[in-house]
Amino acid sequence: MSRPIALLTDFGYDDAFAGIVKGVILTRFAEARIWDLTHGVPQQDVLSGALHLMAAAPFCPPDTVFMAVVDPGVGSERRGVIARSGSRLFVGPDNGLLWPAAAQFGEPEFFHLNRPRYWLPNPSATFHGRDVFAPIAAMLALGRAAEDFGDPIADAVRLELPVPVSSSGVITGEILMVDRFGNAVTNVRPEDLNNPPAESVTFQIEGHSVRGPSTHYGSVAPGDAVIVLGSMGFYEVSVNRSSAAECLGLRRGMRISARIQSDSW
Amino acid sequence: MSRPIALLTDFGYDDAFAGIVKGVILTRFAEARIWDLTHGVPQQDVLSGALHLMAAAPFCPPDTVFMAVVDPGVGSERRGVIARSGSRLFVGPDNGLLWPAAAQFGEPEFFHLNRPRYWLPNPSATFHGRDVFAPIAAMLALGRAAEDFGDPIADAVRLELPVPVSSSGVITGEILMVDRFGNAVTNVRPEDLNNPPAESVTFQIEGHSVRGPSTHYGSVAPGDAVIVLGSMGFYEVSVNRSSAAECLGLRRGMRISARIQSDSW
Amino acid sequence: MSRPIALLTDFGYDDAFAGIVKGVILTRFAEARIWDLTHGVPQQDVLSGALHLMAAAPFCPPDTVFMAVVDPGVGSERRGVIARSGSRLFVGPDNGLLWPAAAQFGEPEFFHLNRPRYWLPNPSATFHGRDVFAPIAAMLALGRAAEDFGDPIADAVRLELPVPVSSSGVITGEILMVDRFGNAVTNVRPEDLNNPPAESVTFQIEGHSVRGPSTHYGSVAPGDAVIVLGSMGFYEVSVNRSSAAECLGLRRGMRISARIQSDSW
């Protein structure tokens, strides 16, 4: 049985880049099962791409080949790599993009893609998704081993997410990303707050004070801010039936603090 | 033979939400045949989603499982449902989204998704597309019956499209939606006007008077307004080689009236 | 073995048009292997669509059926056609869209789609992608011959790309398109400049002078302009880690000139 292939890039939807990648894969493996995680990662935004890949991977088949390309250094000396973590394989640039997704399943092994005989002939300097990563993804899907495509390396680029800090009973985190609905995903997890019960925490974000966590968006009136445990496993700042990013002016990197209203802390 | 799965959501293309849904389906059914109707429904716009789903369903294989998610009430008490209409199955929130699509094939049966053992463990309050609807869509595609996932209900939410009204020889309808090309889709069908011959009707829209229906966009000069029978079965207001929405300032809900220039009325 | 089907349209992602096309194909060929090149071609922009299709086709399986729809004349007297070029088949409107892609593999044969018995019944005047091209693409994928769907014609519309001109040792070309990253794709190929070595050419674009071609984006500082050989085989004007279109104000049709700094010219 072959492996399925999931794609995540910043190629967008206006050009044929993502479609060309699939063409290359299908040329080598006509029956490949390919699907898109997204091609809408903000251009050259490695952190956003890494977060989406990390969020998606646990919900994909455990034998998936993930091909991810957010690659501002394409054509330079930056390496291409395969990361292997348990049964999962990740192919892409060695710029940290693959790290959080792969590392959540255990310490990944990395292989440097240094064998051009597996690439398209005369690879371009601008489109390694097409010329390097796609043919390798196809061959991995067909059952080839990561070892075939390059030498193991121990110094792959790591991208560690910022971790909340605790001081004087207050946990301070930050906004990692804003999603399509205007929800602001923070880096604060329930375990950072000792898995607090509903409505037991006071969050401070950009001058607003919000009680939470709430069980769902509709626990506050439409237009009001609410903190819920989001689908990525982090607390998110939302506004019921609207966009928290717009209503509260939220952007990546902004601070959020949390203080539990209980003696158990 | 398994059923194919068609997806329609307001998840957009910037995040990995739609890709994660596919990952969940493929985890349960590795050979699933999945395709996108669209993920570009305006956020939380149930009527738009319902219209697109209604327009698409007749052109899809008759054994399709449609999974549709436009779900402003996610996490609240709103129910999840399966609608069954002839050979077709529809999975999604019980907010009317599925109704017009399912009802066009006959009176649908509804089943309340009240058996959590078929969902992902510990479902989130914000992403039932991933945690509830996707695993059920996968199992329906594999051949399981709708009855397996919940009890039949008779009070599913109905979403009835506005119907044109006739008064003094004038039919008055409204704009249901504007498409990507700026065409304004009305709720007026040929049968509302006794299937009029070409150029026999005077339409009034936002102070503009347009003769029609015309046989194709190019029957008027570039830049001129034209009424054609659109691909959804409704009359549409268009501007040849341009956007009617922009040129004429059209938006959903605006009135359009039609008077047939003939004694047969 | 069936043929795979690649889709390229200007239908966008907000409506279900592209999804409906797939529904029609899957209704006729349940196991069809379909993928998207893009549906984000600018509306009614035949040249952009033709460029993307031309760039993608060489990287797709050689037995692909390409269905392409950018069709401002839909419903008028413009013909629908199949173009056959070697092992590849192209289906779409006869407005030049298919020409550059098909012609790069040799002189294409064209067939006029004049046999309505193969279309959907009662085809609309506005959506031939659904009603004419999709059912034919499905049957071509199943192995039917192009001859079955229409008569051969010798007067298909040709779309010839503008060619650079040489005068007094200066090659003058133009910008063909701007991609998602803001790179400006020119119509100048290495062979137009006798395959110049790196950094041996002075390019002039909108008052800016840029040495090149460079081997990759990172060969200049972030924010600086750079000329690289792009993935479509043309020189492209880029800005390292930014958008050349924005930084330099570049748009389609603008002139670019190149003078080789060498006696070999």
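Test C:ARG241 against the stated conditions and say whether it is away from chain A (no Cβ under 13 Å), open to solvent by 30 Å² or more (accessible area, probe 1.4 Å) and of a type in the set (D, E, K, R).
Considered against the rule, which asks whether it is away from chain A (no Cβ under 13 Å), open to solvent by 30 Å² or more (accessible area, probe 1.4 Å) and of a type in the set (D, E, K, R), C:ARG241 comes out as no.
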| said: Checking the conditions here, which among B:GLU77, B:GLU31 is within 11 Å of another protein chain (Cβ to nearest Cβ), closer than 30 Å to A:GLY223 by Cβ and among the acidic types (Asp, Glu)? | reply: B:GLU77
| said: Among the residues that make up segment A:198-205, is at least one of them within 14 Å of chain B (Cβ to nearest Cβ), under 20 Å from the mean Cα position of the chain (by Cα) and under 19 Å from B:SER76 (Cα atoms)? | reply: no
| Cβ-Cβ below 8 Å, separation at least six or inter-chain, first residue in segment C:164-175 and on the phi > 0 side of the Ramachandran plot, second open to solvent by 30 Å² or more (accessible area, probe 1.4 Å) and among the basic types (Lys, Arg): which pairs? | C:GLY169/C:ARG259
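Just one of C:GLY218, C:GLY233 is open to solvent by less than 50 Å² (accessible area, probe 1.4 Å), touching a Ser or Thr at 6+ places or on another chain (Cβ under 8 Å) and within 14 Å of chain A (Cβ to nearest Cβ); which is it? Even if it seems obvious, please write down each step before you answer.
Values: C:GLY233 fails: touching a Ser or Thr at 6+ places or on another chain (Cβ under 8 Å).
Going through C:GLY218, C:GLY233 in turn, just one is open to solvent by less than 50 Å² (accessible area, probe 1.4 Å), touching a Ser or Thr at 6+ places or on another chain (Cβ under 8 Å) and within 14 Å of chain A (Cβ to nearest Cβ): C:GLY218.
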| message | For segment A:144-171, which positions are of a type in the set (Val, Ile, Thr) and buried (at least 16 other Cβ atoms within 10 Å of the Cβ)? | response | A:VAL157, A:ILE171
| query | Out of all the residues in segment C:199-225, which are in contact (Cβ under 8 Å) with a residue 24 or more places away in the chain and among the aliphatic types (A, V, I, L, M)? | reply | C:VAL201, C:ILE205, C:VAL210
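Right, C:PHE127: touching a helix residue (DSSP H, G or I) at 6+ places or on another chain (Cβ under 9 Å) and away from chain B (no Cβ under 14 Å) or not? Explain how you work it out, then say what you get.
Working: touching a helix residue (DSSP H, G or I) at 6+ places or on another chain (Cβ under 9 Å): yes; away from chain B (no Cβ under 14 Å): no.
Criteria not met by C:PHE127.
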| For the subset of segment C:42-68 comprising residues that are facing another protein chain (nearest Cβ under 8 Å) and polar (S, T, N, Q), which member is farthest from C:ASP94 (Cα to Cα)? | C:THR64
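Yes or no: segment A:153-161 includes at least one residue that is in a loop (DSSP other than H, G, I, E, B) and on the phi > 0 side of the Ramachandran plot.
Within segment A:153-161, the subset in a loop (DSSP other than H, G, I, E, B) is A:154-161.
Imposing the further condition that a residue be on the phi > 0 side of the Ramachandran plot reduces the set to none.
Scanning segment A:153-161 turns up no residue that is in a loop (DSSP other than H, G, I, E, B) and on the phi > 0 side of the Ramachandran plot.
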| query | So, of the residues in segment C:221-230 that are within 24 Å of the chain's Cα centre (by Cα) and of a type outside the set (Val, Ile, Thr), which turns out to be least open to solvent (accessible area, probe 1.4 Å)? | reply | C:GLY230
| request: Just need a number here: residues in segment B:81-111 that are of a type outside the set (Asp, Glu), open to solvent by 10 Å² or more (accessible area, probe 1.4 Å) and in a loop (DSSP other than H, G, I, E, B). | output: 7
| task | Under 9 Å between Cβ atoms, at least 6 apart or on separate chains: pull out the pairs that start in segment A:138-151 with a residue that is in contact (Cβ under 8 Å) with a residue 60 or more places away in the chain and over 16 Å from A:ALA30 (Cβ atoms) and end on any residue that is part of a strand (DSSP E or B) and among the acidic types (Asp, Glu). | result | A:ALA146/A:GLU109
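Restricting attention to segment B:32-51, does a residue exist that is free of Cβ contacts under 8 Å to residues at least 12 places away in the same chain and on the phi < 0 side of the Ramachandran plot? Step through it out loud before you land on a result.
Taking segment B:32-51 first, the residues free of Cβ contacts under 8 Å to residues at least 12 places away in the same chain are none.
No, because not a single residue in segment B:32-51 is free of Cβ contacts under 8 Å to residues at least 12 places away in the same chain and on the phi < 0 side of the Ramachandran plot.
If you scan segment A:1-17, which residues turn out to be within 12 Å of A:ALA68 (Cβ to Cβ) and at the interface with chain C (Cβ under 9 Å from one of its Cβ atoms)? Before you say what the answer is, go through the steps one by one.
To start, the set of residues in segment A:1-17 that are within 12 Å of A:ALA68 (Cβ to Cβ) comprises A:5-11.
Result: A:ASP10, A:PHE11.
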| field | Subset of segment C:184-212 (residues that are in contact with an Asp or Glu (Cβ under 8 Å, 6 or more places away or on another chain), at pLDDT 95 or above and buried (at least 21 other Cβ atoms within 10 Å of the Cβ)) | value | C:ALA184, C:VAL185, C:THR186
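The values are calculated or read from the model by the stated rules, or taken from the named source; none is laboratory data. A quick note: this is a predicted structure, and the numbers were derived from the prediction, not measured. Heads up, the Cβs are rebuilt from the backbone with ideal geometry, glycines too, and the neighbour counts pull from every protein chain shown. Heads up: the accessible areas ignore ligands, DNA and RNA and are worked out on the full protein's heavy atoms, side chains in. Shrake-Rupley method; radii C 1.70, N 1.55, O 1.52, S 1.80 Å.
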